[in-house]
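To keep things clear, I will list the structure first and then write my remarks on it.
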Amino acid sequence: MLRPRKEPDPLSGKRKLLAEQERLLAERMAKLNQRLANNGEEETGPPKVPEPPVWRLEEEVRPGSRVDTTAAARRVLAAQRQRDKLIFFFTIGALLVVVFLVLALARSHLAGSLPRS
């Protein structure tokens, strides 16, 4: 016992949808072709004014705002601390080498071991 269908043709809805999409696509293509003919200039309305850039200044940040403490931020900060420690110790080491060389040069100069001293 077959029931009568509400729609006589089950594909008519799909056909209507495809026809509407085809019409919209044709309109879009016509607009693009016209825009190409006008060297890319749009004819609709006045030219758009570019919006000013949005700057985020430190003064604009609310004083009660929280710092990002996600795992990625902690990892980045840990890596930065490690680099800072390395730079610190290399700088201290270089300073010690320079001080040692100056002292050695002064001592040898005072002892008269250098020529023309």
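Read-outs: derived from the displayed coordinates by stated rules, not from any lab. On a predicted model such as this, the values are computed, not experimentally measured, just so you know.
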Legend entry - In order through the range 89-99: 3J(HN,Hα) via Karplus (6.51 cos²θ - 1.76 cosθ + 1.60), integer Hz, x for Gly, Pro: 5, 5, 5, 4, x, 5, 4, 5, 5, 5, 4
Inset, instruction - Multiply the residue separation of Asn39 and Arg15 by 0.36 nm, subtract the distance between their alpha-carbon atoms, and state the gained length in nm to one decimal. - result: 5.0 nm
